[in-house]
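Take a look at the structure below.
Read-outs: derived from the displayed coordinates by stated rules, not from any lab. Predicted model only: the values in this text are computed from it and were never measured. Neighbour counts are summed over all protein chains in view; Cβ atoms, including those assigned to glycine, are modelled from backbone coordinates with ideal geometry.
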Amino acid sequence: MRPQSFAWVRPSPLPPSWSSLALPDSPASLPVPAGWHRAHGDPGTMTAELRGPGGEIEGYLNATPQQGEETLENWGEFRVEHNRDEEERDVELLASAPGLAFATGTGSCVLDSYLTSSERPYREIACIVAGPSATTVIVAAAPPRRWDAEGAVLRRAIQSFTT
Amino acid sequence: MLPAQAKKAAASLAVMALVAGGATSAALAGGHHHRHHHHHHSGIPQHNGGDHDADNNGGPSDGDGNI
């Protein structure tokens, strides 16, 4: 579905001003843009956020090891149905593509939007990437109103993700 | 907030009631029961029991393959 939407996905080095958060017991590392901060998440995962002046989330990155039945093959369907099961509403798949090149492997990505149960809208790029020894999901999200401002940073985080 | 698993259990009971009431298999096939095959495989604790990730607190959905 609209795979051309992911033509920008290509391996890129971590920008010099960025840092990264290594996942425990995993070769995966979450890129962290300058000015972003680590946030709390599930054990075994890494999360970074950009918060606005009022504390609202303006950008969100998360890397999580493959856990369940998510695969590169079913990712487009799995991710949007997972978001629905998370009680998100108005989940809309905007684009998806398999066979994308990452620095350490191959991935499948989706672009979708949803409304959380607390009425907060987000758009996300979510990719599952299979590396030599680990398969990991990276999520890059922002409110739609911040997408123009944060989209380039989110895409760069995806491009420089390793697992 | 009612946990998603509790909602699913309630939905399952509703489906059982429909079956007991003679609902057709065609009507059941129109639902989204296939969604529920994806989950509950991980060792990562969920439902805010050691899990305070954003997805369960109104923030963006994280990358977990469970709820």
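With each label point set 7 Å from Cα along the Cα-Cβ vector, what nm distance links A:Ala34 and A:Thr71?
So the label points at A:Ala34 and A:Thr71 sit 4.3 nm apart.
Take every residue in peptide A:60-67, count the Cβ atoms of other chains within 10 Å of its Cβ, and give the average of those counts. Show your work: numbers first, answer last.
Numbers: counts 6, 3, 9, 2, 8, 6, 5, 11.
If you average over the peptide's residues, the count of other-chain Cβ atoms is 6.
Hey, fewest Cβ within 10 Å first, where do A:Trp147, A:Trp36 land in order?
Values: A:Trp147 16, A:Trp36 20.
Lowest count first: A:Trp147, A:Trp36.
Among A:Thr106, A:Thr47, A:Thr163, which comes first, then next, by fewest other beta-carbon atoms within 10 Å?
On the way: A:Thr106 14, A:Thr47 25, A:Thr163 28.
Fewest to most other Cβ atoms nearby, the residues stand as A:Thr106, A:Thr47, A:Thr163.
Suppose R0 equals 35 Å; then what is the FRET efficiency for A:Gln4 and A:Ser133 from their Cβ-Cβ distance, rounded to the nearest 0.05? Show your work: numbers first, answer last.
Details: r = 31 Å, r/R0 = 0.88.
Efficiency computed from Cβ-Cβ geometry: 0.70.
Tell me which GluC sites (Glu not before Pro) from the stretch A:78-163 have a DSSP coil assignment and no more than 13 other beta carbons within 10 Å of their own. Don't skip to the end; give the middle numbers.
Working: sites: A:Glu81, A:Glu86, A:Glu87, A:Glu88, A:Glu92, A:Glu119, A:Glu124, A:Glu150; in loops: A:Glu86, A:Glu87, A:Glu88, A:Glu119.
Here the sparse-neighbourhood loop sites are A:Glu119.
In the stretch A:60-163, if every C-alpha pair distance is counted and binned at 10 Å from zero, what percent goes to each bin?
Answer for the stretch A:60-163: a P(r) of 16, 50, 30, 4 percent.
On average, how many beta carbons from a partner chain sit within 10 Å of the beta carbon of a residue in A:125-132? Write out the running numbers ahead of the final one.
On the way: counts 0, 4, 1, 2, 0, 0, 0, 0.
Taking all residues of A:125-132 together, the mean is 1.
For each of B:Asp62, A:Asp85, count neighbouring Cβ atoms within 10 Å of the residue's Cβ, then give the residues from fewest to most. Walk me through the numbers before you get to the answer.
Working: B:Asp62 24, A:Asp85 21.
Fewest-to-most Cβ neighbours within 10 Å comes out as A:Asp85, B:Asp62.
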